[in-house]
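Read through the structure below, which is laid out as structure tokens, and then see the notes.
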Amino acid sequence: MQQEPNFGGEGERAPEDQATASTGTMSAQDERTWSILAHLSVLLALVGLMPFGALLVWLLYKDRSEKVRFHALQALWYQIAWVVILVAYTFVSLVLSLVIIGIFMFFLVPILALVPLIHGCYAAYQVSQGVEYRYPYIADRIEGPRSVA
């Protein structure tokens, strides 16, 4: 039997919802939604808050779902890696611009900054389609010897 979601203050939870809340598990749809949001949090880069959305999802849901924990942590480390790459690239461009060569590198910064935005949206789309998307290299470092089902 399909139940309508409770969006706050619209009655009490059904007994099975209370059991789910007390055990800390999430429905498959909730897991998918929060996994998608973790990947889409890369869009917060547009306002200068790139890794904080994924960090927030991870902090709130790490104990409630292994799947959400994995996707949020994966998105967080991916975004942090891109922040480091962009800062290092900008620094190298700045240093090289002192000898004129790096001035041309500054033109690539906006294009390079689009890569994590596009890739994060692609990862969110894959997760929304039911695919267990994995960022190259980062997913293996997070997962270690464990696997996410």
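Results, tabulated for the structure shown:
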quantity: Ranking of Tyr61, Tyr137, Tyr125 by count of other Cβ atoms within 10 Å, fewest first; calculated: Tyr137, Tyr125, Tyr61
quantity: From phi via Karplus (6.51, -1.76, 1.60), per-residue ³J(HN,Hα) for the stretch 77-88 in Hz, x at Gly/Pro; calculated: 5, 5, 5, 4, 4, 6, 4, 5, 4, 5, 5, 5
quantity: Exposure proxy ranking, count of Cβ atoms within 10 Å, fewest first, for Ser27, Ser93, Ser41, Ser128; calculated: Ser27, Ser128, Ser93, Ser41
quantity: Relative exposure of Lys62, Lys67, judged by other C-beta atoms within 10 Å (fewest first); calculated: Lys62, Lys67
quantity: Convex hull of Cα atoms in the stretch 26-143, direction-averaged projection (nm²); calculated: 7.4 nm²
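Where a number appears in this text, it was derived from the coordinates with a stated rule and is not lab data. Given the structure is predicted, the values throughout are model-derived calculations rather than measurements. No Cβ is skipped: glycine too gets one built from the backbone with ideal geometry, and neighbour counts run over all protein chains shown.
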